[in-house]
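Trainee: Quick one: the structure is below, questions incoming.
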Amino acid sequence: MFQKVLIANRGEIACRIGGTLREMGIRAVAVCSEVDADALHVRLADEVHLLGPAEPRASYLNIEAILAAARASGAQAIHPGYGFLAENADFAAAVEGAGLVFLGPTPEQIRSMGDKRAARSIAERVGAPVVPGAEGDDPGALARAAAKTGYPMLLKAALGGGGKGMRVVHDEAELREAFEGTRRVALSGFGDASVYVEKRIERARHIEVQIAGDGQGRVTHLLERECTLQRRHQKVVEESPASNLDPALRQRILRAAVDVAREVRYRGVGTVEFLVARDQFYFLEMNTRLQVEHPVTELVTGIDLVRLQLEIAAEGRLPLGKEEVVPRGHAIEARVYAEDAAAQFLPQAGTASRVRWPRGAFLRVDAGIESGDAVPVHYDPILAKIVAFAPDRPLALARLARALDDALVHGVVTNLPFLRALVRAPEVERAGVDTEWIEREFLHAFAALAGAPAPELALVAAALTDGRSASRAARSGESETPRETAFHAAGPWRLPGLD
Amino acid sequence: MRPVELVPLGSGRYRVTVDQSTFEITVEVLEDGRLRLTHDRGVSVLQVTDSDRKRFVRIGSADFVVERVDVARAGRARGSEDRLESPMPGVVTKVLVAEGDDVKKGQALLAVEAMKMEHLIRAPRDGRVAQLRARAGEMVNGGVPLVELQALESG
C-alpha cells in the first residue's frame, strides 16, 4: 500500500478522501490555492503545498504545479476527487508519465468515455440500449430518422455536453428550422459541425450504477443510485437503492452497466448513468471518477469507495468477494450549496461565520467548512453533503428532514430552506418524480414559501442586535449615542432577493 | 421594507412596533449568545448572526435572512436606476463598455462570474456610461456599485 498520497482537490471531497487515508495510515498531502491556505481540507492534511493564485487554471487545474507538489512531497499516488482534473485524460497521462499512480481509470478509458460518440458505440456494442437517434450533416436524413422514432426530438451538437445549444423540436418543420443554428453552435462550441438528433425521453428517472473494475476484465456492480431530483441537470438529492423499480428492469440495468465497463476492461470505480422511462432504460454516459453522491452507496453496501480505489490501484485486483452485493437499508443524501434559492439560485460567497452540522445516529455529514471558514467565489458552491441512513426509505427521509432542520449555516446564504421543503414534498415522499419535476412543479410551490414575509420576531431580533452593538460602543466610550436613539434608529429591514 | 421600532422600558423589556402592531417583549441574552424573547404568545429562542448589512436569524428550525436597508441609498436607486450593482460576490470577467459610451436598453455592459456561473449586467434603459468602477479580473462583493448610468438629454 502507498505511504503517501496527494489529494488534487479541495472542499468536502478533499476532506473526505483525507479521512480514509488517515484510517489506512497513509499520509495525506493537500494542495491549495492562495485563498484556500486556511481551508478545512488544508487543516486536516499532514502536509500542504501551495499551487498558485485562486483562479482554478492557476491552481487546481494547474497540472505542472500539482506534479511539482507531488514530487516535492514524495507522494506515490494522486487522487483527483471529482471535478477539476478528475476526468482529464491528459492529466492522468501526465501523472503516469511522472512515474506516479493515478487513482482512477487509464487515460484511454477517460478519453473514450468522455467522447459521446465513442461511449455510445461501446454501449451499442454490448447491447445496452441507447436513446434512439441519428447523427449527420443532412437535414433530410435527420428528418427521416426522426420520423421513424417519433417527435418530440432533441437537436444538439454531436460532440456537445451540458445542454449547450440543445433544442426541442416537435415536427419536421421545426427540425429544419433549428438545423442551421445547431450546426453553428456545434462548430463554434465544439469544433465539429455535426448535429445529433435524439428522442426526447419524457418523464424520465435518472438511475445510475456504481461499478468497480480491476483493469483486467473483472467488473462488479455496487448497486444502483437514483438521482432523479435535479434542477437544471444538477443533482440535488440522491439515494440508494432506487425505489419502485421493477426487479427485472433493475437487473437488466445492473447487467448493462457491468457489460459497458467490462467491454473497456475498466480500472477503478466508475458510474454508468441511465435514463429510465416506464419499462425502458437508455444508456446516457459513463463517469470515470468518484461521484459526488458516492456516500449513499457506501452506506448501503458498507464498502468505502476511496479505500476500494486505493486497493485496486495498489494491488491490481478487486478486493471483493464473488457474491453479489445486496443492499442493507436505504440511504438518502442532500447537497448543501452556497446559493440563494429565493434569488434564482445565485451562487453566494463570503464567510460562514457560524456553522453547525447535524449530528446523530444514522447520519453522515461530509463537509468542507466549519465555523469561520471562507466560501470563496472561485469554485463549485458545494459546502457539504448530509446523508441519512435507515432500514427503509420513509425513515431515511424523515431522518434527512430532521438533519436538514438541525443544520445551521450563518454568514453565507445556502439552499438549506429549499432542501428542507423539498424532502417534505408529498411527491418526494412517494417517489413520484421525474428529472424535470423540480423545475416544472416544485419551484412554484417553493417560491410561495420563500416569498412569505419573515415573522415579526426575526425582524425584532435583527434590530436588537443593531442596538446591542451600538450600546457596546456607547459603553466603551467610542460613541456618544445614547441607547434610546440607537434603538430608534434600528431598521427598517427587508428580506433580500424578494423585492 | 418593514420598519422596526424598539423602545427600551428598562430591565430587558421593550415596546416593539412592527407592521403597524405594537407589543411588549422581554429580552435575555443566554450564555451561548442566543436571545430568549418572552412575549404575550410565549417564549422564543433565537440565534442571530451579523454579516455586514445582513442578519441571519434562526427561530426553531427555520432560517431567515433579513437585510438592513440604507434608506437614503434605497431611495436613490429606486429613483433613477442609475447605479448598477454586482448581483453577487464574484470576479469581473468582461468589461464591454468604456466611460462615455452611449448604451442601449438591454445592452450587456459587463460580466461577473462566480462559481462557474456568468451573470451579465445589462443597461436597464438607454443612457451614457458616466462612471465605470470595475476592471476586468477584479474581485467584487455583492451589492457593490459597478456602473453609473446617466440619462441622455432628450431632443
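Readers should treat all values here as calculations from the given coordinates under stated rules, not as data from a laboratory. Just so it is clear, the model here is predicted, and its values are computed rather than measured. Cβ: placed from backbone, ideal geometry, glycine included. Neighbour counts: every protein chain shown.
Trainee: Sort the range A:312-354 into rounded, prolate or oblate with this rule: let a ≥ b ≥ c be the square roots of the eigenvalues of the Cα gyration tensor; rounded if a/c is under 1.5, and if a/c is not under 1.5, prolate when a/b is larger than b/c, oblate otherwise.
Mentor: prolate
Trainee: Something else: Taking the Cα centre of the range A:4-103 as origin and charging only Cβ (+1 Lys, Arg; -1 Asp, Glu), how large is the dipole, in debye to the nearest 20?
Mentor: Charge dipole of the range A:4-103: 260 debye, to the nearest 20.
Trainee: If the label point is 7 Å along Cα→Cβ of A:ASP46, which residues in the range A:1-21 have backbone nitrogen under 13 Å from it?
Mentor: A:1-7, A:18-21
Trainee: Determine by what factor the alpha-carbon radius of gyration of the range A:336-405 differs from 2.2 N^0.38 Å, reporting the quotient.
Mentor: Output field value: 1.24.
Trainee: Using a basic spin-label model with each label point 7 Å from the Cα along Cα→Cβ, how many nm lie between A:GLU441 and A:GLU108?
Mentor: The answer from the label model is 4.7 nm.
Trainee: Additional query: How high is the relative contact order of the range A:132-199, in percent, with contacts defined as C-alpha pairs under 8 Å that are six or more residues apart? Write out the running numbers ahead of the final one.
Mentor: Working: 131 pairs, mean separation 30.0, N = 68.
Rounded, it is 44 percent for the range A:132-199.
Trainee: Let me spell out the model: positive unit charges on the Cβ of Lys and Arg, negative unit charges on the Cβ of Asp and Glu, origin at the Cα centre of the range A:132-199. What dipole size does that give, in debye rounded to 20?
Mentor: 160 debye
Trainee: I need A:SER188, B:SER11 ordered by Cβ neighbour count within 10 Å, fewest first.
Mentor: Ascending number of Cβ neighbours within 10 Å: B:SER11, A:SER188.
Trainee: Need one number: nm distance between label points at B:ARG83 and A:ALA398, each 7 Å from Cα along Cα→Cβ, rounded to one decimal.
Mentor: Inter-label distance under the simple model: 5.2 nm.
Trainee: Using a Förster distance of 41 Å, how high is the FRET efficiency between A:TYR151 and B:ARG122, based on the Cβ-Cβ distance and rounded to 0.05? Before the final figure, lay out the partial values.
Mentor: Details: r = 35 Å, r/R0 = 0.85.
With a Förster radius of 41 Å, E is 0.70.
Trainee: For the range A:4-103, calculate the relative contact order in percent as a whole number, restricting contacts to Cα pairs under 8 Å that are 6 or more residues apart.
Mentor: Normalised by residue count, the contact order of the range A:4-103 is 29 percent.
Trainee: Stokes-Einstein at 37 °C, 0.692 mPa s, Kirkwood radius from Cα pairs: D for the range A:259-365 in µm² s⁻¹? Working shown, then result.
Mentor: Values: Rh = 17.5 Å.
Translational D for this selection: 188 µm²/s.
Trainee: Which values, in whole Å and largest first, are the semi-axes of the equivalent ellipsoid of chain A obtained as the square root of 5 times each eigenvalue of the Cα gyration tensor?
Mentor: 40, 30, 24
Trainee: Quick one: dipole size for the protein assembly as shown, taken about the Cα centre, charges +1 on Lys/Arg Cβ and -1 on Asp/Glu Cβ, in debye to the nearest 20.
Mentor: Charge dipole, the protein assembly as shown, about its Cα centre: 580 debye, nearest 20.
Trainee: Which of A:PHE442, B:PHE56 comes first, and how do the rest follow, when ranked by fewest Cβ neighbours within 10 Å?
Mentor: Fewest to most other Cβ atoms nearby, the residues stand as A:PHE442, B:PHE56.
Trainee: Please give every one of the lysines within straight-line cross-link reach of A:LYS148, meaning a C-alpha to C-alpha distance under 26 Å, and leave out same-chain neighbours fewer than 8 residues apart.
Mentor: Straight-line reach from A:LYS148, under 26 Å: A:LYS116, A:LYS156, A:LYS164, A:LYS199.
Trainee: Translational diffusion coefficient, Stokes-Einstein: compute it for the range A:283-436 using the Kirkwood radius over C-alpha pairs as Rh, at 4 °C and 1.567 mPa s, and state it as an integer in µm² s⁻¹.
Mentor: The calculation lands on 75 µm²/s.
Trainee: Hey, with R₀ at 51 Å, roughly what FRET efficiency would A:GLN234 and B:VAL43 work out to, going by the Cβ-Cβ distance, to 0.05?
Mentor: Efficiency, rounded to the nearest 0.05: 0.80.
Trainee: If I take every Cα pair under 8 Å that is 6 or more residues apart in the range B:4-67, average their sequence separation and divide by the length, what percent do I get for the relative contact order?
Mentor: 16 percent
Trainee: Between B:GLN20 and A:ALA343, what's the calculated FRET efficiency when r is the beta-carbon distance and R0 is 25 Å? Round to 0.05.
Mentor: Working: r = 27 Å, r/R0 = 1.10.
For R0 = 25 Å, the calculated efficiency reads 0.35.
Trainee: Over 18 Å, how big is the tail of the calculated P(r) for the range A:132-199, in percent of all Cα pairs?
Mentor: Roughly 22 percent, rounded to a whole number.
Trainee: On to the next question. Among A:ARG354, B:ARG55, A:ARG218, which comes first, then next, by fewest other beta-carbon atoms within 10 Å?
Mentor: Arranged by neighbour count, lowest to highest, A:ARG354, B:ARG55, A:ARG218 become A:ARG218, A:ARG354, B:ARG55.
Trainee: Another question, if that's okay. State the extension gain, in nm to one decimal, for the chain segment bounded by A:HIS170 and A:ALA118, taking 0.36 nm per residue of separation less the distance between their alpha-carbons.
Mentor: 15.9 nm
Trainee: Hey, rough spin-label estimate for B:ALA62 and B:GLU31, points 7 angstrom out along Cα→Cβ, what's it come to in nanometres?
Mentor: Placing both labels 7 Å beyond Cα along the Cβ direction yields 3.0 nm.
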